[in-house]
1. Can you spot a residue in segment 78-96 that is in a loop (DSSP other than H, G, I, E, B) and of a type in the set (Lys, Arg)?
2. Got a number for residues in segment 137-151 being crowded, with 21+ Cβ neighbours inside 10 Å and assigned to a helix (DSSP H, G or I)?
3. Mind counting the residues in segment 110-127 that are surrounded by 17 or more Cβ atoms within 10 Å (Cβ to Cβ), out of contact with any Pro (no Cβ under 6 Å at 6 or more places or on another chain), closer than 19 Å to Ile55 by Cβ and touching a residue at least 12 places away in the same chain (Cβ under 8 Å)?
4. So Trp61 passes all but one of these: (1) in contact with a helix residue (DSSP H, G or I) (Cβ under 7 Å, 6 or more places away or on another chain); (2) part of a loop (DSSP other than H, G, I, E, B); (3) open to solvent by 10 Å² or more (accessible area, probe 1.4 Å); (4) not β-branched (Val, Ile, Thr). Which condition number does it fail?
Amino acid sequence: MAISTSDFINRYAPHAMEQQIKYGIPASVILAQMAIESSWGTSALARNDNNFFGIKKGSSWTGRVSYYDDDQAHEAFRSYDNVGQSLSDHSATLLQPRYLHRCPTDSTNHLGWIKGIKAGGYATASNYVDSVESFIRKYELDKFDRLAVQNAQQQGLQIGYMRGRQPDTRKPSLPVFSSRLSKGVGACPSTWRV
């Protein structure tokens, strides 16, 4: 079942901000990649396997897989029990040295992160940086980067406080939020439902 773009953003922005607070990956980049890779949550991979980022099996994955035609026919993609696992695994992927060493430490520098992710080989499309940057601008997703920093400050947390630790991709649900985030207080403008 398709949801509107604003409903998609409302649903997943708090979770993207939580990942930014924990690991320093801009929420705007997470949301943009999530929306683009999953076609706003409507792709078969997202609907059937909770894989919102198009992450392929890779050599280290020992979990379930499903097969889809992509760059080649019948490629193995990771299958998750829920969206929270997909988000955590995406963060774990971007925290690998091949990406992280190319990305800025400033979690509000989404353009620097997009360029670093591209340089690390995450995306093969030649227009990847421009495409994701345009997407972030069109939907004003960079406001969530600033909101995540504001929320972290209000909670007394340093952005990226979990960076040295790999995200737990076995968690049964979406990340747990403080009452401030889960109620949307200070997280999203009042016009955005959370």
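1. Checked against the condition, which is being in a loop (DSSP other than H, G, I, E, B) and of a type in the set (Lys, Arg), segment 78-96 yields no hits at all.
2. 6
3. Of the residues in segment 110-127, 5 are surrounded by 17 or more Cβ atoms within 10 Å (Cβ to Cβ), out of contact with any Pro (no Cβ under 6 Å at 6 or more places or on another chain), closer than 19 Å to Ile55 by Cβ and touching a residue at least 12 places away in the same chain (Cβ under 8 Å).
4. For Trp61, the failing item is (1).
The values are calculated or read from the model by the stated rules, or taken from the named source; none is laboratory data. No experiment lies behind these values; they were computed from the predicted model shown. Ideal geometry is used to build each Cβ from the backbone, glycine not excepted, and the neighbour counts take in all protein chains shown. Surface accessibility is based on the protein's heavy atoms, side chains included, excluding ligands, DNA and RNA. Shrake-Rupley method; radii C 1.70, N 1.55, O 1.52, S 1.80 Å.
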